[in-house]
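Asks: Below you will find the structure I want to go over with you.
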Amino acid sequence: MSPPSLLHSSPFPLHPNPTPTPTLTLHSPRSTLRFLPIKSSASPEPTPTPLKTSASPDPSPPPLKHRRPADVNIRDEARRHSSTHNLQGFSAKYVPFNPSPAPTSTESYSLDEIVYRSRSGGLLDVQHDMDALKRYDGEYWKNLFDSRVGKTTWPYGSGVWSKKEWVLPEIDGDDIISAFEGNSNLFWAERFGKHFLGMNDLWVKHCGISHTGSFKDLGMTVLVSQVNRLRKMNRPVVGVGCASTGDTSAALSAYCASAGIPSIVFLPANRISIAQLVQPIANGAFVLSIDTDFDGCMQLIREVTAELPIYLANSLNSLRLEGQKTAAIEILQQFDWEVPDWVIVPGGNLGNIYAFYKGFHMCRELGLVDRIPRLVCAQAANANPLYLHYKSGWKDFKAVKANTTFASAIQIGDPVSIDRAVFALKNSNGIVEEATEEELMDAMAQADSTGMFICPHTGVALTALFKLRNSGVIGPTDRTVVVSTAHGLKFTQSKTDYHSKEISDMACRYANPPVQVNADFGSVMDVLKKYLLSKDSKI
């Protein structure tokens, strides 16, 4: 009998360091495409199929596939094809976050325990059994992950759960709560790069193209799935709670609603957009609007979850970062496993910059790539504790009082993941930059003018790119990825105010307000001629 596989329907059976099989290789200037034979434990290994060309069409029709019976759903199908046990021996656990290279503690906890901090009060990290994962080489993992993209096989249609062995290896598929999040667009920002920056290899990872419109879905599917598992194990969890500046509450409430788990949201009153506020309300969350800022809400939710059986969903909880790290793996995957030179990430509570580092580092350690990109964390100048810490040479960190910023999701003065962020930046030769309110709004408008329609937080990241490009740190041919964290439709009010030039003390240089014109042919023609002449058009 053949050994059990990670996914019976996957074309890549799980064998440690499998014997190399013949491959047909097509070389291009920047990448190598590999066409591998499909293996099956039920049939002999077929001969590799030659690459088809227009000159040699294959006259034979493809083999017929039988559709899943109508009374069987994709969870049922997955249940039939996979064991409920973790037969591969992969595992993960909580350990104290330790920035030093050598472990200083043997303290650890099962992921099935409800614990957020170490005994010393420090952060926890999810540590995977790397020896077990290393039984399979980098090519195996690349092929496995690539084989799952775009499928509807449960739960691998998700960009997060397609990397399940690296995320929550021991969770059963029946416990997973997923909206097939991830697999977000990595698009070539051709016109923006050429017109504003003189770059031809600029890319934007649009994590806002997701179920609730932000990257927070990537972490929340993991956290809520684990809570679902804990509740089935009769652990004392009556609901899940978070403090939020908008996007976290949207993601938490949506995934909890899908699972039938109560969600409790602490929001700072009058500090988030209506589009963000309405999401948890519509999803049935119990929303508390509190007269404080995010840091005040965070303090309250930590005190409440210490007293009540409410599971804490903020990024203090390291499970969230396990999902968020898959965006880094996706970037490599979308570049055919080539490593970009730079990745720029907006930073507020600072869990995401560490998550990206963790994803890149894991790929290097397991042999999928040979290096990691340089990371840049971009902060709003009105909420810039990491930037000030970086400029001081990483001397004693000091929290700040965050002032109001259009980049409301990163309006955080006392970030929970400061130690994680510093570790990630130090180990990636990273940089921290900041953006004023005018800079971030101008950058957002410039990006929108090339068709992007981004959020203000992405404007912060683009401002960092402008500064590093202008100083020569980032070169014109450097492959650079800017992480866009939320969809622009969540921030229509700030965009409207900008283009109406209604923001005090801001020039709004790239504003594009509508032109009022009388309802007659002559007036319309006069306005159009003036506009077309301004564009150097020939009339």
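The values are calculated or read from the model by the stated rules, or taken from the named source; none is laboratory data. If you're wondering where the values come from, they're calculated on a predicted model, not measured in any experiment. All Cβ positions, even for glycine, are placed from backbone atoms using ideal geometry, and neighbour counts span all protein chains on display. Ligands, DNA and RNA are stripped out before the accessible areas are found, and what is left, the full protein with its side chains, is counted by its heavy atoms. Shrake-Rupley method; radii C 1.70, N 1.55, O 1.52, S 1.80 Å.
Asks: For Asp131 and Tyr510, compute 0.36 nm times the residue count separating them, minus their Cα-Cα distance, and round to one decimal in nm. Please list the in-between numbers first.
Replies: Values: separation 379, 0.36 × 379 = 136.44 nm, distance 5.33 nm.
Here the segment from Asp131 to Tyr510 would lengthen by 131.1 nm.
Asks: Straight-line reach only, C-alpha to C-alpha below 24 angstrom: list the lysines that Lys535 could link to, leaving out same-chain residues fewer than 8 apart.
Replies: Here the lysines satisfying the reach criterion relative to Lys535 are Lys194, Lys495, Lys501.
Asks: Rounded, prolate or oblate: which fits the range 442-539 when a ≥ b ≥ c are the square roots of the eigenvalues of the alpha-carbon gyration tensor, with rounded for a/c under 1.5 and prolate only if a/b beats b/c? Please report the intermediate quantities before stating the final value.
Replies: On the way: a/c = 2.63, a/b = 1.72, b/c = 1.53.
Verdict is prolate for the range 442-539.
Asks: Also, quick follow-up: Of Val167, Val517, Val339, Val400, which has the most accessible area with a 1.4 Å probe, and how do the rest follow in descending order?
Replies: Working: Val167 0, Val517 70, Val339 20, Val400 40 Å².
My answer, sorted largest first, is Val517, Val400, Val339, Val167.
Asks: Sticking with this structure for a sec: So for the chain: antiparallel DSSP bridges make up what percent, rounded to the nearest 5?
Replies: Working: 17 of 47 bridges.
Percent antiparallel among DSSP bridges in the chain is about 35.
Asks: A further question on this structure: Relative to the compact globular guide of 2.2 N^0.38 Å, what is the alpha carbon radius of gyration of the range 302-451, as a ratio?
Replies: Working: Rg = 16.4 Å, N = 150, 2.2 N^0.38 = 14.8 Å.
The range 302-451 yields a ratio of 1.11.
Asks: Largest first, how would Trp394, Trp166 line up by accessible area (1.4 Å probe)? Spell out each step's value before the answer.
Replies: Details: Trp394 65, Trp166 0 Å².
Per-residue accessible area, sorted high to low, gives Trp394, Trp166.
Asks: I would also like to ask the following. Please report Rg (one decimal) and Dmax (integer) in Å for the Cα set of the range 93-161.
Replies: 16.2, 44
Asks: Oh, and also: Straight distance only, please: which aspartates and glutamates reach the Cα of Lys232 with their own Cα at less than 15 Å, same-chain residues fewer than 8 apart left out?
Replies: Within the straight-line limit of under 15 Å, Lys232 reaches these aspartates and glutamates: Asp112, Glu113, Glu170, Asp172, Asp174, Asp175.
Asks: Going Cα to Cα from Lys325, which lysines come in below 20 Å? Please leave out same-chain ones fewer than 8 positions away.
Replies: By straight Cα distance, Lys325 reaches Lys93, Lys134, Lys142, Lys163, Lys164, Lys205, Lys216, Lys358, Lys426.
Asks: Under unit Cβ charges (Lys, Arg +1; Asp, Glu -1), what dipole magnitude, rounded to 20 debye, does the range 110-258 have relative to its Cα centre? Provide the component values of the computation, followed by the final result.
Replies: On the way: 17 positive and 18 negative charges, 56 e Å.
The dipole magnitude comes to about 260 debye.
Asks: Turning to a different aspect of this structure: If I take every Cα pair under 8 Å that is 6 or more residues apart in the chain, average their sequence separation and divide by the length, what percent do I get for the relative contact order? All intermediate terms of the calculation are to be shown ahead of the outcome.
Replies: On the way: 988 pairs, mean separation 66.7, N = 539.
The normalised contact order for the chain reaches 12 percent.
Asks: Next question. Quick check for me: using +1 on Lys/Arg Cβ and -1 on Asp/Glu Cβ, what's the dipole size of the range 431-539 about its Cα centre, in debye to the nearest 20? If you can, show how the numbers build up before the last one.
Replies: On the way: 11 positive and 14 negative charges, 96 e Å.
Computed charge dipole of the range 431-539: roughly 460 debye.
Asks: Is the C-alpha gyration tensor of the range 142-270 telling us rounded, prolate or oblate? Criteria: a/c under 1.5 is rounded; beyond that, a/b larger than b/c is prolate, otherwise oblate.
Replies: On the way: a/c = 3.27, a/b = 1.42, b/c = 2.29.
Oblate, because a/c is 1.5 or more while a/b does not exceed b/c.
Asks: Still on this model: Fully extended, how many nm does the chain gain between Leu288 and Val304 (0.36 nm per residue separation, minus their Cα-Cα distance)? Let's see the in-between values first.
Replies: Details: separation 16, 0.36 × 16 = 5.76 nm, distance 1.27 nm.
That pair, Leu288 and Val304, stretches by 4.5 nm at full extension.
Asks: Per 0.36 nm of contour for each residue apart, how much would the distance between Ser108 and Ala519 grow if the chain were fully extended, relative to their Cα-Cα spacing?
Replies: Numbers: separation 411, 0.36 × 411 = 147.96 nm, distance 7.24 nm.
Taking 0.36 nm per residue and subtracting the Cα distance, the gain is 140.7 nm.
Asks: Which whole-number value in Å² is the accessible area per residue of the chain, probe 1.4 Å?
Replies: Working: 24910 Å² over 539 residues.
I get 46 Å² per residue for this part.
Asks: Shape call for the chain from the C-alpha gyration tensor, a ≥ b ≥ c root eigenvalues: rounded (a/c under 1.5), prolate (a/b greater than b/c) or oblate?
Replies: On the way: a/c = 1.61, a/b = 1.21, b/c = 1.34.
Verdict is oblate for the chain.
Asks: Another question, if that's okay. How big is the dipole moment of the chain about its Cα centre under a simple scheme where the beta carbon of each Lys and Arg is +1, that of each Asp and Glu is -1, and everything else is neutral? Debye, nearest 20, please.
Replies: Value, rounded to 20: 760 debye.
Asks: Could you work out what % of the accessible surface of the chain is carbon and sulfur, using a 1.4 angstrom probe and leaving DNA, RNA and ligands out of the count?
Replies: On the way: 13230 of 24910 Å².
Answer for the chain: carbon and sulfur cover 53 percent of the accessible area.
Asks: Continuing with this model, one more query. Go ahead and estimate [θ] at 222 nm for the chain from helices alone: -39,500 (n - 2.57) per DSSP H run with n ≥ 4, summed, over the residue count, rounded to 500. The partial results should precede the final answer.
Replies: Details: 16 runs with 171 residues, N = 539.
Result for the chain, helices only: -9500 deg cm²/dmol.
Asks: Rank these residues by their accessible area, most exposed first, probe 1.4 Å: Arg235, Arg191. Let's see the in-between values first.
Replies: On the way: Arg235 90, Arg191 135 Å².
The ordering from most to least exposed comes out as Arg191, Arg235.
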